[in-house]
Amino acid sequence: MAEYENILVEQRRAVTLITLNRPKALNALNTSVLQELIAAFAAFDADDSQRCAVLTGSEKAFAAGADIKEMQDQGFAQMYASNFFAGWEKVTATRKPWIAAVAGYALGGGCEVAMMADFIIAGDNAQFGQPEIKLGVTPGMGGSQRLTHAIGKAKAMEMCLTGRMMGAEEAERAGLVARVVPVTELLDEALKTAETIASMGPLAAIANKEMVNAAFEMGLAQGIVFERRLFHGLFGSEDQKEGMAAFVDKRKAEWKGR
Ligand code: CAA
């Protein structure tokens with residue numbers, strides 16, 4: 001497996017665990033972290049033995065944001081020419097499902113990366129926020145859009161305009177996170193959930209992810225046609241035959257991924 005400086009990557013059966021590992025900077029996301037995450041997610045997507053991933057940080061910080069020290073002296077021309085942050089679209093292009101397991105601070109870019117995941121499981125000490133306004137800027141990795149989709153305008157606007165942090169319980173009530181668990185159990189719970197997803201047919205997992213994500217891009221009627229066509233398409237797969245035969249035969253399905 002590739003060697004990384006800022007992240008740890010390990011495979012636990014069919015689950016890839018990616019851990020942000022810049023503890024001295026509370027996992028601030030600099031360009032080098034981004035490049036490593038792009039490589040790790042691409043490797044996960046390309047590896048047929050891997051079915052689901054978990055991205056996590058430390059107990060204190062999932063990630064405290066984009067690296068302020070890296071950005072502070074940049075000018076408009078440099079930011080624009082390099083299309084700073086556009087690389088994150090390579091992370092969101094990951095086709096297989098992945099979960100963010102968030103403990104501690106998920107601020108700015110940290111909150112934004114968590115929201116790039118298919119869903120978030122939060123430790124009870126998690127703190128989400130978009131405090132960029134305090135730095136004289138705005139979210140830049142999708143926060144204004146994904147947060148608003150997730151929790152609605154009122155709370156998203158309040159968070160972006162005041163920079164206030166939202167704790168785990170409120171985040172669950174608001175629909176930002178799928179589930180809150182005691183922080184000591186966070187990784188186990190996230191890995192267990194990832195194992196469950198990894199035990200499903202891989203084609204169906206990708207199709208389910210694609211169609212839920214389509215709800216953010218399409219109108220209802222168009223989204224329903226998209227869903228139905230993907231559903232029809234799976235009837236061309238061996239996994240659909242196997243899944244339904246296994247149900248009828250009262251046995252566990254043996255997925256082939258085709
Ligand atoms: N970038 C670079 N370094 C960071 C960082 C960041 N986002 N967040 C923390 N660090 C560094 C600190 O500078 C400090 O380093 P030194 O020891 O060298 O001084 C180290 O991590 C520990 O941080 P603190 O001493 O501040 O730790 P704390 O426990 O007192 O406070 C915190 C924790 C409240 C999270 C505080 O670190 C903080 O407010 N961090 C910045 C949060 C922020 O503004 N995030 C948004 C960044 S901009 C962005 O993300 C843009 C975007 O949309 C993509």
**Asked** If you place +1 on the Cβ of every Lys and Arg, -1 on the Cβ of every Asp and Glu, and leave all else neutral, what size is the dipole of the chain about its Cα centre, to the nearest 20 Debye?
**Response** 500 debye
**Message:** Against the 2.2 N^0.38 Å scaling, with N counting residues, where does the chain land? I'd like the Cα-based Rg ratio to two decimal places.
**Reply:** 1.05
**Prompt:** How long are the three semi-axes of the equivalent ellipsoid of segment 113-196, in whole Å, if each is the root of 5 times an eigenvalue of the C-alpha gyration tensor, listed from largest down?
**Reply:** 24, 13, 11
**Request:** Would you mind working out the accessible area per residue for segment 82-121, using a 1.4 Å probe, and quoting it in Å²?
**Result:** 30 Å²
**Prompt:** Taking H as built 1.01 Å from N, whose amide H comes closer than 5 Å to the amide H of Ala103, not counting residues under 5 places away?
**Reply:** Gly57, Phe62, Gly123
**Asked** Along the charge dipole of segment 122-258, Cβ charges K/R +1 and D/E -1, which of Asn208, Ala156, Ile197 sits furthest on the positive end?
**Response** Asn208
**Message:** I want to verify the translational diffusion coefficient of segment 99-156 in µm²/s; compute it with Stokes-Einstein, Rh as the Kirkwood radius over Cα pairs, at 20 °C and 1.002 mPa s.
**Reply:** 187 µm²/s
**Message:** With a 1.4 Å probe and all protein chains left in place, how much of the accessible area of the chain comes from carbon and sulfur atoms, in whole percent?
**Reply:** 56 percent
**Complete:** With label points set 7 Å from each Cα along the Cα-to-Cβ direction at Lys252 and Asp188, the distance between them in nm comes to 2.1 nm
**Prompt:** Separation between the Lys69 and Arg95 pseudo-spin-labels, each 7 Å from Cα along Cα→Cβ, expressed in nm?
**Reply:** 3.9 nm
**Item:** Residues listed by number, segment 80-98, amide nitrogen under 13 Å from Leu135 label point at 7 Å toward C-beta
**Value:** 85
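The values are calculated or read from the model by the stated rules, or taken from the named source; none is laboratory data. Because the structure is a prediction, the values reported are computed rather than measured. Reconstructed Cβ throughout: ideal geometry from the backbone, glycine too, with neighbour counts over all protein chains shown. Each accessible area value is taken on the protein alone, full model and side chains, heavy atoms only, with ligands, DNA and RNA left out. Shrake-Rupley method; radii C 1.70, N 1.55, O 1.52, S 1.80 Å.
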